[in-house]
Structure formats: C-alpha cells, structure tokens
Amino acid sequence: MSRRVESIAVTGYKSIRATELTLGPITVLVGPNGAGKSNFIDAVELLGRIADGDLRMEVGLRGGAEAMLHDGAKGTAARIELRVKAEDGHLGNAYEAVLVPAAQGELVFEREVVEFHDSISYEQPWREEIGRGNRESRLPEAAESGPHGVGGVARHTLSTLRGCRVYHFHDTTRNAPVKQAGYASDSEALHPDAGNLAAFLMRLREEHSAEYRKIVRTVRSVAPFFRDLVLTEDSGGRVRLRWKQFGSDTVLPAEALSDGTLRFVCLTTLLLQPQPPALLVLDEPELGLHPAAIRVLAESLRTASVRSQVLLATQSVTLLDEFTLDELVVAERTDGATELRRPEPEELAAWLDDYSLGDLWLKNLLGGRPRPERKRRG
C-alpha cells in the first residue's frame, strides 16, 4: 500500500534550479506562463517513468539530456536530483535519484538510494544505495531481493513512485486515444491519457454500479442533454466509447461529444472512481470547460482528496476560487529559475474578509501574475 507523499524535491530540471514542495490533501500550483508549474509536474511524471523502467525512452521523448537539464548541460555540476519522501504515521520511506548526462544525450544514475525511517525506534533513517552508473532504475530488482531490508523498502518505494502519474486529457482530436476502440479486458486502472476509458467505465458499471451512476449524474449536471453511456464489447473483445442523449434512441460516437464534455467525462471518472490512485496529478484540468463545469470539477477534486492526494496546476480564476489559502502554492521566476512559495496568511487575512483567492490573484496580491522577473534577495 502506498504511503502518503510528504514532499517532492527537484533540483536541476529545466527551469527548476532547486525547490521542494510539501504536499497536503490538495496542493494547487498557480503562476504565469513560463514560471515553471508544468516543469514541476513534468518532474513528478519523470519519477513514475523511472519506476516503470522507461527512463531512456522518456529522456529521448523529452529531447535528450541537454533539453532537460537546468540551463543546459554545463560541466560536472550538470545533474538532475529527484527526491520523494512518503510517510504513514511513524513509518516513512524516501527515494533519491541523481541523474547525470552521458553519451548520445542519455541520462544515467550517478546515485540511486532508498531510505527507511521508523521515527519511534530509530533517531536516524536507514539508507541504502542500490545503483550507480545504471541506465534504468534498479528498484524492481531490489524489490525482489527479499521480504525485509532492502526488498521491503524498495517495494514500498515502487508503490509510491508508480503513483506519480500525470493525467492528461487534453487530446480530443479525431485520433485521440480516448476515441479509439480498446480491449475490454484493459480495465484495471484508468490510463493517464484515458485511452481505456470505455473499458474502465464498463467495469465500473458492472462491479461498482453506485459509483458509475454518480459519474453519470455528475456529467449530466453540466451536460443536461446527456442520458447515459453505451458500453458493449464487440466480437473482437473490444469496446468503444458511445453514448445516448435524452429524446433520442440514436447511439452516438465519442466524436459527437464536445471537447469540453469529453474532457469532463474523463476527469469525473478519474476523480469519482471507487479506488482512485493515492496521488492524482493534473496539469490545467480546466481547459475547455465552462465556468459552471469548473465549479463541479472543484467539488469532485474535493471529494477525491478525502481518499487521495491531489496535486494540480491551474490558471483558472474560477477554479482557484474553490480552494483555500493553505492549499495554494505560487510559482514565479527569480533570477531565471522557478521558485515555489506559499502565501503568508498574516499578510492576506484582512483581504480575505472581502475578496476571494481569485480576486487576490487578479489584483496581484498573491503573486504569480506576469511581471518583470524578480531578483533573489540577498
């Protein structure tokens, strides 16, 4: 079982010189274009790819090591450091990966470390280096080494990192994965691109009917014409997303849904499923949604945060209005690098009596608005 993610630290990745973010039940990143919100989200996604053994492929897809390193690959200081801490009461584990550039634009592990801490029994954490010079993570190998020691810590760590999935539902083009037929058997977990949405929803309808009906009702609350989904397996064992509207028995394809409605179906399914991932990471989930749908989305995010941690980046004033100051993190550029900070409640207490968070953001009292780049103090 995954432990709660306490913090994620990133050093040397794209616009991020060095930052550490402590996560609560809901953590909302706001900031102007280019401030680095999406770069932090990308770094979280990279952790999940490392756990999957896909580091080399991911580095290639992201343009090679030089495109990923902060300020380019320059000398012996060029490196990406990723660290995740997770906890469950007095028990905690951590994972640390230090990646350095190698030949042909690759990244290799300068160091890969797992850590375990029982704060009641031991003053200091136990650390073990499991890799050096490797091109892919040795976590899966370490997880098979035994029930205790390195094996037990590695298994907990793998569970945490495999929860670092970023859900992107922006692609609603004709060839988008969500619009294609997929195997009905591919229904255990919703894919980050919703490519198996139809199969996943068909399983929920059969095994978790109450949650399925809640998803349908929530979609209907922002798209009143929507009656229900039509999910049937064909002779080849595949299923395609189809639906019906009120007042007609015509079965319509996914292409007949507006882009915003289709994205909302994906988001609602992710957030209201009966067994959501321990960590839900979303980058600008409000894209293409009507303001009324954004408010319903916020309610679903709040519901999901009871069972999962939610990390999201947004530029929507409407969505920001649905959260509280302690859930907010502001991204800005300082001396050419991303800086993440939480607003000071004491400085904003009087303003919050009369204005919403969205109002304060528009008035530039929170920061995170376009402006000349700040210089670091001191």
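Okay, residues lined up against (1) buried (at least 18 other Cβ atoms within 10 Å of the Cβ); (2) modelled with pLDDT under 95; (3) on the phi < 0 side of the Ramachandran plot:
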| position | (1), (2), (3) |
| --- | --- |
| Asp88 | no, yes, yes |
| Ala94 | yes, yes, yes |
| Leu107 | yes, no, yes |
| Arg111 | no, no, yes |
| Glu123 | no, yes, yes |
| Glu144 | no, yes, yes |
| Gly149 | no, yes, no |
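Residue check: Arg341 meets all listed conditions (1) among the basic types (Lys, Arg); (2) at pLDDT 90 or above; (3) more than 15 Å from Ala35 (Cβ to Cβ) but one, namely (3). Residues of region 302-326 that are touching a strand residue (DSSP E or B) at 6+ places or on another chain (Cβ under 8 Å) and either farther than 22 Å from Arg341 by Cβ or among the polar types (S, T, N, Q) (or both): Arg302, Ala304, Ser305, Ser308, Gln309, Thr314, Gln315. For first residues located in region 305-332 and touching a residue at least 12 places away in the same chain (Cβ under 8 Å), partners that are acidic (Asp, Glu) and lie 6+ apart or on another chain with Cβ distances below 7 Å form the pairs Ala313/Asp283; Ala313/Glu284; Thr314/Glu284; Thr314/Glu286; Gln315/Glu284; Ser316/Glu286; Leu319/Glu286; Glu332/Glu339. Can you spot a residue in region 4-14 that is in contact (Cβ under 8 Å) with a residue 60 or more places away in the chain, surrounded by fewer than 22 Cβ atoms within 10 Å (Cβ to Cβ), part of a helix (DSSP H, G or I) and touching a Lys or Arg at 6+ places or on another chain (Cβ under 6 Å)? No; the residues of region 4-14 include none that is in contact (Cβ under 8 Å) with a residue 60 or more places away in the chain, surrounded by fewer than 22 Cβ atoms within 10 Å (Cβ to Cβ), part of a helix (DSSP H, G or I) and touching a Lys or Arg at 6+ places or on another chain (Cβ under 6 Å). Of everything in region 234-264 that's among the hydroxyl-bearing types (Ser, Thr, Tyr) and part of a loop (DSSP other than H, G, I, E, B), which residue is least open to solvent (accessible area, probe 1.4 Å)? Ranking the qualifying residues of region 234-264, first place goes to Ser248. Residues in region 212-227 that are surrounded by 16 or more Cβ atoms within 10 Å (Cβ to Cβ), under 28 Å from the mean Cα position of the chain (by Cα) and of a type outside the set (Ser, Thr, Tyr): Lys214, Ile215, Val216, Val219, Val222, Ala223.
Identify the residue in region 52-73 that is among the aliphatic types (A, V, I, L, M) and surrounded by fewer than 21 Cβ atoms within 10 Å (Cβ to Cβ) and, among all such residues, is modelled with the lowest pLDDT. I'd like the intermediate steps shown before the answer.
Quick first cut of region 52-73, residues among the aliphatic types (A, V, I, L, M) only: 55, 57, 59, 61, 65, 67-69, 73.
Within this subset, residues satisfying the condition of being surrounded by fewer than 21 Cβ atoms within 10 Å (Cβ to Cβ) are 57, 61, 67, 73.
Details: Met57: 96, Leu61: 94, Ala67: 94, Ala73: 58.
If we take residues in region 52-73 being among the aliphatic types (A, V, I, L, M) and surrounded by fewer than 21 Cβ atoms within 10 Å (Cβ to Cβ), then Ala73 is modelled with the lowest pLDDT.
Cβ-Cβ contacts under 7 Å between residues 6 or more apart (or on different chains), taken from a first residue in region 242-255 that is modelled with pLDDT under 95 to a second residue that is surrounded by 12 or more Cβ atoms within 10 Å (Cβ to Cβ), are absent.
Picking from Arg162, Arg138, Arg132, which residue would you name as being closer than 23 Å to Lys85 by Cβ, under 19 Å from the mean Cα position of the chain (by Cα), surrounded by fewer than 20 Cβ atoms within 10 Å (Cβ to Cβ) and of a type in the set (D, E, K, R)? Explain how you work it out, then say what you get.
On the way: Arg138 fails: under 19 Å from the mean Cα position of the chain (by Cα); Arg132 fails: under 19 Å from the mean Cα position of the chain (by Cα).
Result: Arg162 is the single residue among Arg162, Arg138, Arg132 that is closer than 23 Å to Lys85 by Cβ, under 19 Å from the mean Cα position of the chain (by Cα), surrounded by fewer than 20 Cβ atoms within 10 Å (Cβ to Cβ) and of a type in the set (D, E, K, R).
Of all residues in region 20-44 being in contact with an Asp or Glu (Cβ under 7 Å, 6 or more places away or on another chain) and in a strand (DSSP E or B), which is farthest from Val310 (Cα to Cα)? The selected residue is Thr22. Leu47 satisfies every condition listed in (1) part of a loop (DSSP other than H, G, I, E, B); (2) under 15 Å from Leu99 (Cβ atoms) except (1).
The values are calculated or read from the model by the stated rules, or taken from the named source; none is laboratory data. As the structure is a computational prediction, the values presented were derived from the model and not from experiment. Neighbour counts are summed over all protein chains in view; Cβ atoms, including those assigned to glycine, are modelled from backbone coordinates with ideal geometry. Quick note on the areas: whole protein, heavy atoms, side chains included, nothing else; ligands and nucleic acids left out. Shrake-Rupley method; radii C 1.70, N 1.55, O 1.52, S 1.80 Å.
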